[in-house]
1. Evaluate E = 1/(1 + (r/R0)^6) for residue 178 and residue 49, where r is the Cβ-Cβ distance and R0 equals 22 Å; express this FRET efficiency to the nearest 0.05.
2. Roughly speaking, what is the stretch gain from residue 193 to residue 138, that is 0.36 nm per residue apart minus the C-alpha to C-alpha distance, in nm to one decimal?
3. Quick check on the exposure proxy: order 273, 163 from fewest to most C-beta atoms within 10 angstrom.
4. Give the Rg/Rh ratio for the range 99-176, taking Rg as the radius of gyration of the Cα atoms and Rh as the Kirkwood radius, to two decimals.
5. Ranking 167, 140, 278, 37 by Cβ neighbours within 10 Å, fewest first, what do you get?
6. Could you tell me what percent of the DSSP beta bridges with both partners in the range 33-278 are antiparallel, to the nearest 5?
7. So what is log10(I(q)/I(0)) for the range 33-278 at q = 0.09, 0.10, 0.14 1/Å, when the Debye sum runs over its Cα atoms only?
8. Sort 155, 211 so the one with the fewest other Cβ atoms within 10 Å of its own Cβ comes first.
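Bear in mind that the values in this text are calculations on the coordinates, not laboratory data. Computed from a prediction, not measured in an experiment: that's the story for all the values here. Because the Cβ atoms are built from the backbone with ideal geometry, glycine has one as well, and the counts that use them run over all protein chains shown.
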């Protein structure tokens, strides 16, 4: 019922217009979304950089409906890379292949990606291909390995999700390729046929994959807000003598800001994913709908941060 309600609300233009003009709703959203404009996002990145935190900018918006929208999204990312370079910010970008037109044509998406990656290469920057639902996993990894990574090895990376059964083998393949991986648990609602149904299984697979990447991977991004997993990562790298410069922790904008700053003080690399754009309301509603447990995740982490700042 909750999932159906959230999905329904995410597609209601009148509700969207009301929420965008509601002060309380906008203040809540600004906790997790940097704003509607690139200037808003760059201001957020600069504030993070001043705290010793790197960033990755994510322009909100997923599957497009025509070539014009896909090319517009690609051009927007060219502009983002330009502004990051011009302002000398410590940031890169994240994007979804569906936003580049993957559902319309693989060739269209690849063409746009070559433009974006060419710009990133010129600036010695980096582009992360965000992973979407399991329906896109195989296509995303295939296009990455066959069509993008060979020409832009230092400038493009992938995301792998520990709730999928296949991820351990995908991690092994990524290690063979020497490509950069962001490891996360996964936020989409997936069937038991492809994903671990229990949180403890997802967590156990995360730790298994994390160990492999920390020991053998190419600058992995350990994307988690889970204190137990972060503690295990610290223990593992200390035990194996893995230098802190060989990996970074990654978190979402607005989530566990206290923990982000603590890790930086302890000498670990930290990157925060900074979403922005006019589509912040559908973005938040879909993220909550895909996994209603995300509601508890967000509220729980806000409470933990508040408690952490008081102690």
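1. Working: r = 28 Å, r/R0 = 1.26.
Result of the calculation: an efficiency of 0.20.
2. Working: separation 55, 0.36 × 55 = 19.80 nm, distance 1.51 nm.
So the extension gain works out to 18.3 nm.
3. Values: 273 20, 163 24.
Listing 273, 163 from fewest to most nearby Cβ atoms yields 273, 163.
4. Numbers: Rg = 12.6 Å, Rh = 13.1 Å.
Taking Rg over the Kirkwood Rh, I get 0.96.
5. Values: 167 25, 140 22, 278 15, 37 12.
Fewest-to-most ranking of 167, 140, 278, 37: 37, 278, 140, 167.
6. About 5 percent, rounded to the nearest 5.
7. -0.36, -0.45, -0.93
8. Details: 155 22, 211 17.
Least to most surrounded, the residues fall as 211, 155.
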